[in-house]
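Undergrad: My questions all concern the structure below.
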Amino acid sequence: MHILYIHQHFATPEGATGTRSYEFARRWVKAGHKVTLITGCYDIGGLKTGEKRSRRVTIEGIDVRVVGAKYSNKQSFLRRIASFLSFCLLSVCAGLRTRKVDVIYATSTPLTIGIPAVLLKWLKRAPYVFEVRDQWPEVPIELGVIRNRFMIKLLLRMERTIYNQSAGVVALSPGMAEGVRSVLTKDRPVTVIPNCCDTNVFHPGIDASDLRMELGWGDKLVLLHFGAMGRANGLEFVVRAADKLREHPDIFFVLVGDGSERPGLQAEIDRLSLDNIRILDPKPKSEMARLIAACDVSMVIFADHPILEHNSANKFFDSLSAGKPILLNYSGWQRELLEKNQAGFACSRYNLDEFVERVLYLNSHRDRIAEMGKNARRVAVEEFDRDKLADRVLSIFEKGL
């Protein structure tokens, strides 16, 4: 089978973001299938951005075709829109040069990934499966990023068309699946296949005691958040938590990553003269694994919007793999999973007082941290194994959708 995989934000382990597409694609190649992957120039994706903007490389048997659409989390809203539209055009051109395609797998975000999928469906006479990693345009609409009524109407119509033209939809969480079903007007299968746990890269066997000493964390309770620093992440919440806990020198917060909100976060930390929180630059996956191993608790933080509780963030699954308790500032399906397995805590969405209470509990019950970490690792291995989930996606293709 020849799979044409379209993902604008494709990343390898050398990058500083999720590698779901890389992990799935290389497993499909090992299973005997041909995979051609079309991607853009993502600054934290691990592909060398200094090389030719349009090029073709082979990565573990994956035929990767990089088109010249640059993207960065630091870009303004208008620059991102320009990047999305540029990728649409260039990916169609790259797709037309790809021969004998059996199925197209298009993964968002952004929603505009569906445009080349629809066009190539008709031009290549091949069905496509659409993967929903975030609910677009519902998320930017709820966050207030998109306010123009005409644009909202246009994007909602585009979303409905993309779902209905597909042979099926893969959603990364139960909430996203319900959102897709509410939009569909045709009978299309919607399958929940969440993000995966990279249990080989992130694992509790990593000894990072030297890194912990180097960073000066000592015996402090270190709570770590890693990933994008955009509006949806709501990381000012952590700054406010650090401010409320400034009288507890044995509690320390660490934010790792980059994005449009980072300068404002650092400015607020400086304004409040907080010495119990620090921002670090994004790290490649291998370095990130050591940093997670060095912390005590992993945080997954999102802004105060109900739709964001449906997320399937990579950091959640990487933390499970690393065997770290997870602390959420929201509820939803991940809270149910953590509490059912005693692998961490959550709180009512964006409830600062409740969040601080959870931090103080963990600080005074450190004996429970190791126990919750073991439970987290067990969940990673038993429920979110990459091999199993890659096979589930492949089975959708093989059913002849």
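Undergrad: For 145, 129, what's the fewest-to-most ordering of other Cβ within 10 Å of each Cβ? Don't skip to the answer; put the middle values down first.
TA: Working: 145 14, 129 23.
Taking fewest neighbouring Cβ atoms as first place, the list is 145, 129.
Undergrad: So, with +1 on the Cβ of K and R and -1 on the Cβ of D and E, and no other charges, what is the size of the charge dipole of segment 49-141 about its Cα centre, to the nearest 20 debye? Before the final figure, lay out the partial values.
TA: On the way: 16 positive and 7 negative charges, 102 e Å.
Magnitude of the dipole: close to 480 debye.
Undergrad: With the alpha-carbon atoms as the only input, what is the per residue convex hull volume for the chain in Å³? Please list the in-between numbers first.
TA: On the way: hull volume 54.7 nm³, N = 401.
In the chain, the Cα convex hull volume per residue is 136 Å³.
Undergrad: About its Cα centre, how strong a charge dipole does the chain have in debye, to the nearest 20, once Lys and Arg get +1 and Asp and Glu get -1 at the Cβ? Kindly include the intermediate steps, with their values, before the conclusion.
TA: Working: 57 positive and 47 negative charges, 454 e Å.
That gives a dipole near 2180 debye.
Undergrad: Please report 41, 347 as a ranked list, fewest other C-beta atoms within 10 angstrom at the top and most at the bottom.
TA: On the way: 41 23, 347 19.
Ordered from fewest to most neighbouring Cβ atoms within 10 Å, 41, 347 come out as 347, 41.
Undergrad: Sequence neighbours fewer than 8 away in the same chain don't count; with that in mind, list the aspartates and glutamates whose C-alpha is under 12 Å from residue 285.
TA: Straight-distance partners of residue 285: 14, 198, 318.
Undergrad: In whole Å, how far is the Cα centre of segment 313-363 from that of segment 61-91?
TA: Between the Cα centre of segment 313-363 and that of segment 61-91, the gap is 33 Å.
Undergrad: Another one. Sticking with the crude label model, points 7 Å out along Cα→Cβ, report the distance from residue 58 to residue 274 in nm, one decimal please.
TA: It is 4.9 nm.
Undergrad: Now for a different question. Distance in nm between label sites at residue 382 and residue 75, each 7 Å beyond Cα in the beta-carbon direction?
TA: 4.3
Undergrad: Calculate, axis by axis, the spread of Cα positions in segment 209-383 along the three principal axes, and write the results as whole Å, longest axis first.
TA: 44, 39, 32
Undergrad: Shifting gears a bit: Could you compute the net charge surrounding residue 2? Neighbours are other residues with a C-beta less than 12 Å from the C-beta of residue 2; K and R count +1, D and E count -1. Don't skip to the end; give the middle numbers.
TA: Details: positive: 34, 99, 100, 124; negative: 63, 102.
In short, +2.
Undergrad: Separate question: Which length gain, in nm to one decimal place, applies between residue 147 and residue 200 when the Cα-Cα distance is subtracted from 0.36 nm times their residue separation?
TA: On the way: separation 53, 0.36 × 53 = 19.08 nm, distance 4.29 nm.
My answer for the length gained is 14.8 nm.
Undergrad: Can you tell which of 45, 127, 62 lies farthest toward the positive end of the dipole of the chain, using +1 and -1 charges on the Cβ of basic and acidic side chains (Lys, Arg; Asp, Glu)?
TA: The residue sitting most towards the positive pole is 127.
Undergrad: Please enumerate, by chain and number, the lysines with C-alpha under 27 Å from the C-alpha of residue 340, excluding those fewer than 8 residues away in the same chain.
TA: Once the sequence-local lysines are set aside, what remains near residue 340 is 315, 324, 374, 388.
Undergrad: Over the chain, what relative contact order in percent results from Cα pairs under 8 Å that are six or more residues apart? Don't skip to the end; give the middle numbers.
TA: Values: 792 pairs, mean separation 58.6, N = 401.
Worked out over the chain, it gives 15 percent.
Undergrad: I'd like the Karplus ³J(HN,Hα) series for segment 88-98: coefficients 6.51, -1.76, 1.60, θ = phi - 60°, whole numbers in Hz, and an x wherever there's a Gly or Pro.
TA: Values per residue, Gly and Pro as x: 3, 5, 5, 6, 5, 4, 5, x, 5, 8, 9 Hz.
Undergrad: May I ask you to sort 352, 235 by Cβ crowding, counting other Cβ atoms within 10 Å and putting the fewest first? Working shown, then result.
TA: On the way: 352 15, 235 29.
Lowest to highest Cβ neighbour count: 352, 235.
Undergrad: Run down the lysines and flag those whose C-alpha is under 16 Å from the C-alpha of residue 100, throwing out any fewer than 8 positions away in its chain.
TA: By straight Cα distance, residue 100 reaches 34, 121, 124.
Undergrad: Show me the trypsin sites (Lys or Arg not before Pro) within segment 9-114 that DSSP assigns to loop and that have at most 11 other Cβ atoms within 10 Å of their Cβ.
TA: Listed in order of number, the matching sites are 52, 97, 99, 100.
Undergrad: Sticking with this one: Hey, in the GNM for the chain with a 10 angstrom Cα cutoff, which one of 273, 173, 319 fluctuates hardest?
TA: Residue with maximal mean-square fluctuation among 273, 173, 319: 273.
Undergrad: Would you mind calculating the relative contact order of segment 109-170 from Cα pairs under 8 angstrom and at least 6 residues apart, reporting the percent as a whole number? Display every interim value, and only then the final one.
TA: Details: 49 pairs, mean separation 28.7, N = 62.
Over segment 109-170, the number comes to 46 percent.
Undergrad: OK, next. How are the C-alpha pair distances of segment 98-175 spread across 10 Å bins, as whole percents from the shortest bin up?
TA: Distribution as computed: 19, 48, 26, 7, 0 percent.
Undergrad: Over segment 209-383, what is the relative contact order in percent, taking alpha-carbon pairs closer than 8 angstrom and at least six residues apart?
TA: Details: 293 pairs, mean separation 38.6, N = 175.
Relative contact order of segment 209-383: 22 percent.
Undergrad: Taking the chain as a Gaussian network, Cα atoms linked when under 10 Å apart, which of 258, 43, 250 shows the biggest mean-square fluctuation?
TA: 250
None of the figures in this text is laboratory data; all of them are computed from the coordinates on show. In this text, all values refer to a predicted model and were calculated from it rather than measured experimentally. Note that each Cβ is placed from the backbone with ideal geometry, even for glycine, and that neighbours are counted across all protein chains shown.
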